[in-house]
Structure formats: C-alpha cells, structure tokens
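S.K.: Once you've had a glance at the structure underneath, I'll fire off some questions.
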Amino acid sequence: MKYYYNRCQLVSATRSHLHRPPSNIARMASVVFSGADRLRDLHAFDDTKAGVKGLVDAGITSVPYFFHHPPDPHPIASSPSIIPIIDLAEAATDRDYVVAQVRSAAETAGFFQVVNHGVPVGILDGALAAVRRFHVEEPVEAKAAYYTRDRARKVRFNSNVNLFLSPALNWRDTLFMEVSPNPPSPEEIPESCRVVAVEYAAAVRRLGARLFGLLSSAMGLPEDYLGGCLEEGMGVAAHYYPACPEPEKTMGTSKHRDPSFLTVLLQDKSIGGLQAMIGGRWVEVPPLAGGDGGASALVVNIGDLLQLVSNDRFRSAEHRVVASGGGGARVSVACFFRPESASAREYSPVVAGGEAAVYRSTTAGEFLRCFYGKGLDGRSALDHFRRD
C-alpha cells in the first residue's frame, strides 16, 4: 500500500513555493512512503529535517505506517490519585516525614510529583514558552541547522532518537541539550531558548541536589551518598508533540524506562498524556499546579541506573505518552540526571545485610550502549545486567 497523504491537499499547501527553491516542508509534501522499503521510507522522512511537525505542516490527514503501534493490552486506571504528591517545603520542619514519603514513592510507584520545589514560576513558564518558540515559531530551515543524529553534538534537534531501531516511531520532535558536566557554549544553543535553557537547567540542578539527598536518606545512607549522581551529568530534552490526525494509531512516546538515575519533568498545564505503569494498569500523571505562586508541580521518576544502584529497592517505572488529538500540541521539558556516555565510572548495587546483589556492575558507557542499541522496544535495559 502506498501512502500519498491526500496529494491534492499537499500540492495546494506547497503551491506558494513553486517559484522558490523547495523548502523542507515542500520536500516533505513530495515524499511518498510506499511501504515497500521501510528503511528507505525512514531515510526519506529523516532527510527532510522537519520532523513530525513537518508532516503536520504539510497537511497530512493519516499517520504514516511506520508510526503505527499495536494496541496495548493493559487497562487505564480510572483515577490518577495513586501518584504521590510531595510538598518539599515540609522538609524544613519535618525532614524525616518527607524522607518517608520519598521512600514510599520510590519503592512502590517509582513516580511522584513535587510542589514547593523552589523553581520559580517565571522560570517554569519561560521554559515552556521557549520550547514552543523553537518548535513552533522557528522557521523549518532554521531548525534544520540543529538537526543531527550525532550524539557527540552538545545540542541536537531530531525526531525519534532511535529512528532506525524502534519497532514503531513516536509522534514527537525533540531539542536535546547536554548541560553538564561540560555544557555547550551559548552560541551552540538556539537563540529562541538560549537564556531560559541555562536558567532552567541551573534551577533543576539545585532541585536535583535536594532530591538526591532525600533519596540517600531513604536508602538509609548518608545524605550526600548519591551526590555523585548529580555530578555525573544532566541532559535536557525539550519535547514537542504535535496534534495528531489519528492519535489512536500511534504514541507520543512508547512505553519505556529512563536510562538515568532520576528524571525531573515539567509538563505544560493544558495537555496531559503522561501515563505510568503501576500495578498492571496505566495511571495518568496529570499536569498539576501547586505551591507558591501557582507554580506547576514537577514530575519525578526513578531511572534504571538508580534501580540498579539501589539493588531493586527503588523502582524504575515504565511510562509512556499517548498522542494528542484535537486538544492541541503537548510541550514538556525533561531533565535527565545520568552520566555522559564516555564516563568510565563503574556503578554497583548497594547491598545491605546479607542480601545478594541483583545486578552486576556496569559503566555508564556500557549501559547507554545497551539502551540505545535496542531502541524503545518496551524491554528494560536492566534485564541485560541481572545476575543469573
């Protein structure tokens, strides 16, 4: 079957470009995904450097076949209330109580939301606005200058990091920035989000230090024990999920676990879609306002590397983002506390008493090669490191 995307609509959408060199959107409109050669079709999509938004801007009315996901058999819970909400301001008067809350959330759900987290509302709103400026307002040709799959680049824009490995693509474009320990120069960051990106990353890094302190205490360890996780590195992913003409056929982000110690996520206030797998059900993790000044809550989830270090005491939760239909585009900013792929530091499970280590030791490079090498296929990278 050939996918022409209502060619009459696409031709009219690009008619204004007939007397100019073809733009990325015009090239997208001329692409035909035949279905006969998947790899060729993926390259054709990637070569436009316009991402999923390019498909939408070109006027498609059906989702290309390589975005199709099979139905998920797990039910969706009727209530999101089981996702814990933790007020970090309470740590000032009763730290043990907050530590207990963090411990419970990390051991059971693997997800929690934090309010009164200390990140100013102006920085939160500015970060989301900057993501929209880049993905929506920047000309396609300007964004294309940042489009790359070279992980050595500190700043990179693309669609689907595992484009050629994942069984099905996700309806999402991403601007990714490596912000520590070796940040990019200001000139490497798109001007539309240059100032805000630096401010937001610094604020979340300060929050990360508090969270790792609480998690260290939750493991019964000195407060600074997990401080090294903070120093290893942080990456910022600015995600844009365009409204989808057939949201039931695809996913915004397919189910996966993060290859990080910890992830801190800022969601926009109007479009939901984030779901966590808890107790065999998909549970909504809704946008939440709370705390001083009406600042958005931040979502925190345990990553695979912290599950390894905690020797399965903390849970790295599987999660996904469903595609948005007529409600509009979704925007989010995820900060991943994880090592650089070149890090040679070895990570081992912390065992207590007479318990046995569940995992073997690994370096960040080995772990990340395993994660990226398999694509977002629904399997946990942790399985590769379990002891027999």
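S.K.: Taking the conditions exactly as written (farther than 20 Å from E178 by Cα and touching a residue at least 12 places away in the same chain (Cβ under 8 Å)), does S343 satisfy them or not?
M.R.: The answer is no for S343.
S.K.: In the set T61, T48, which member is in contact with a Lys or Arg (Cβ under 6 Å, 6 or more places away or on another chain) and outside the structural domain of L262 (by TED's automatic domain parsing)?
M.R.: T48
S.K.: Within the range 279-288, does at least one residue satisfy the condition of being of a type outside the set (V, I, T), within 21 Å of E90 (Cβ to Cβ), surrounded by fewer than 22 Cβ atoms within 10 Å (Cβ to Cβ) and out of contact with any His (no Cβ under 8 Å at 6 or more places or on another chain)?
M.R.: Checking the range 279-288: at least one residue is of a type outside the set (V, I, T), within 21 Å of E90 (Cβ to Cβ), surrounded by fewer than 22 Cβ atoms within 10 Å (Cβ to Cβ) and out of contact with any His (no Cβ under 8 Å at 6 or more places or on another chain).
S.K.: Give me the residue from the range 143-152 that is free of Cβ contacts under 8 Å to residues at least 12 places away in the same chain and not polar (S, T, N, Q) and, out of that set, surrounded by the most Cβ atoms within 10 Å (Cβ to Cβ).
M.R.: The residue in question is A145.
S.K.: Then there is this: So is V131 in the same structural domain as S296 (by TED's automatic domain parsing), in a loop (DSSP other than H, G, I, E, B) and more than 22 Å from I85 (Cβ to Cβ) or not?
M.R.: no
S.K.: Quick one: which residue in V56, V11, V114 is over 30 Å from L211 (Cα atoms), modelled with pLDDT of 65 or more and of a type in the set (A, V, I, L, M, F, W, C)?
M.R.: Matching residue, one of V56, V11, V114: V56.
S.K.: Looking only at the range 72-115, filter to residues that are of a type in the set (V, I, T) and without any contact (Cβ under 8 Å) to a residue 60 or more places away in the chain; which one of those is surrounded by the most Cβ atoms within 10 Å (Cβ to Cβ)?
M.R.: In the first step, residues of the range 72-115 are kept if they are of a type in the set (V, I, T); the result is 76, 82-83, 85-86, 93, 98-99, 102, 108, 114-115.
Cutting the leftovers down to without any contact (Cβ under 8 Å) to a residue 60 or more places away in the chain gives us 86, 93.
Details: I86: 23, T93: 8.
Here the residue is I86.
S.K.: Let me ask something else. If A29 passes every condition in (1) at pLDDT 95 or above; (2) surrounded by 15 or more Cβ atoms within 10 Å (Cβ to Cβ); (3) not assigned by TED's automatic domain parsing to the domain that holds V140 but one, which one does it miss?
M.R.: (1)
S.K.: Continuing with this model, one more query. Residues of the range 290-321 being in a strand (DSSP E or B) and among the hydrophobic types (A, V, I, L, M, F, W, C), which ones?
M.R.: Correct list: L298, V299, V300, I302, V321.
S.K.: So which residues in the range 36-50 are among the basic types (K, R) and either closer than 13 Å to N158 by Cβ or buried (at least 22 other Cβ atoms within 10 Å of the Cβ) (or both)?
M.R.: The answer is K49, and nothing else.
S.K.: For the range 51-71, enumerate the residues that are crowded, with 19+ Cβ neighbours inside 10 Å and within 16 Å of N162 (Cα to Cα).
M.R.: Within the range 51-71, G51, V52, F66, F67, H69 meet the criteria.
S.K.: Considering the range 253-268 alone, what residues qualify as being under 17 Å from A317 (Cβ atoms) and not in a loop (DSSP other than H, G, I, E, B)?
M.R.: T253, S254, K255, H256, L262, T263, V264, L265, Q267
S.K.: Now, a different point. Go through the range 141-179 and give me each residue that's of a type in the set (D, E) and touching a helix residue (DSSP H, G or I) at 6+ places or on another chain (Cβ under 7 Å).
M.R.: The answer is E141, D173.
Per-residue answers, yes or no, for (1) in a helix (DSSP H, G or I); (2) farther than 18 Å from Y225 by Cα; (3) modelled with pLDDT under 85; (4) acidic (D, E):
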position	(1), (2), (3), (4)
S324	no, yes, no, no
F336	no, yes, no, no
S341	no, yes, yes, no
V350	no, no, no, no
C370	yes, yes, yes, no
G373	yes, yes, yes, no
R379	no, yes, yes, no
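S.K.: Additional query: For the range 99-119, how many residues are among the hydrophobic types (A, V, I, L, M, F, W, C) and part of a helix (DSSP H, G or I)?
M.R.: 5
The values are calculated or read from the model by the stated rules, or taken from the named source; none is laboratory data. Given the structure is predicted, the values throughout are model-derived calculations rather than measurements. Positions of Cβ are generated from backbone atoms using ideal geometry, with glycine treated the same way; all protein chains shown enter the neighbour counts.
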